[in-house]
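The values are calculated or read from the model by the stated rules, or taken from the named source; none is laboratory data. These numbers come from a predicted model, not from an experiment. Please note: Cβ atoms are built from the backbone with ideal geometry, for glycine as well, and neighbour counts cover all protein chains shown. Each accessible area value is taken on the protein alone, full model and side chains, heavy atoms only, with ligands, DNA and RNA left out. Shrake-Rupley method; radii C 1.70, N 1.55, O 1.52, S 1.80 Å.
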Amino acid sequence: MTEIDTSVPHSARIWNYWLGGKDNYPVDEEAGDAYTAVFPGIVTIARSSRAFLGRSIRYLVQEAGVRQFLDVGTGLPTVDNTHEVAQRIAPEARIVYVDNDPLVLTHARALLTSTPEGVTAYEDLSLYEPERILEQARQTLDLSRPTALILSGILGHVADHDLARDLVTRLLAGLPSGSYLCVNDGSRGTDPDYEQAQDAYNETGAVPYFLRPVEQITAYFDGLELVEPGIVSVPLWRPDAGTTPEPIGQHGGVGRKP
């Protein structure tokens, strides 16, 4: 088994800490606190991203009728993971999680349970292996039926935007007409303080995460039919009734493969 280094901060554990999770270490809390000291809004971004994921999955299950999900770059399990949101509405939903982080792997196998009617699987693979991901997913999902591809906060880790687009295209190529893409990622052009904090973080030698202009996030959906309201700051995507969302430096949306 791969050794988990608890002496250096880890992006998945820091994100977990900002979400209010417990799967982190003092070194992660220190790094997370150092970041929030520079940019307190990061906690709002983390939680807004998670809330968008929940709303988009509810849309996909309730309105689009999707019963299969391929969630790549899962991250550490917290509250309202993809399978929990989907199976709450449709207990028969089938979910494949993909990540290649030993820490995520350790926790995922323990925490990602399923309803008796549905299935939850975990594949230890990298985003950079789209064909292998599809091959493994076929063991759990019927890829002749519509499937939702979830890429939540993962594409920013791919330094080259053209490569990130290519990976999305190759994953979607293995999914049939009527499938969906759901993406949300850190964006430029909304919050200069976030951009400054993230750029500084990337220079520390930690695993970098690149904020992208909104048009680059929109480009992941080329050839797809965008679900209203399109690619927007995530709090503005089909917000819950009675809320007054404010835009943040995180954009996303949902698109349907024709």
TODO: Inspect all residues belonging to the range 240-249 and state whether any of them is open to solvent by less than 50 Å² (accessible area, probe 1.4 Å) and outside any loop (DSSP other than H, G, I, E, B).
DONE: no
Open item on the list: So for the range 158-168 (the condition being open to solvent by 30 Å² or more (accessible area, probe 1.4 Å) and hydrophobic (A, V, I, L, M, F, W, C)), does at least one residue qualify?
Closed with: yes
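Go through 66, 72 for me and flag whichever is of a type outside the set (Lys, Arg), crowded, with 18+ Cβ neighbours inside 10 Å and either closer than 18 Å to residue 234 by Cα or over 16 Å from the mean Cα position of the chain (by Cα) (or both). Reasoning before the result, please.
Values: 72 fails: either closer than 18 Å to residue 234 by Cα or over 16 Å from the mean Cα position of the chain (by Cα) (or both).
Only one candidate qualifies: 66.
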Task: Matching option when the condition is out of contact with any Phe, Trp or Tyr (no Cβ under 9 Å at 6 or more places or on another chain), modelled with pLDDT of 95 or more and either hydroxyl-bearing (Ser, Thr, Tyr) or farther than 24 Å from residue 51 by Cβ (or both), among 177, 152 - done: 177
- [ ] Scan the range 194-203 and give yes if some residue there is charged (D, E, K, R), on the phi < 0 side of the Ramachandran plot, in a loop (DSSP other than H, G, I, E, B) and open to solvent by 70 Å² or more (accessible area, probe 1.4 Å), otherwise no.
- [x] yes
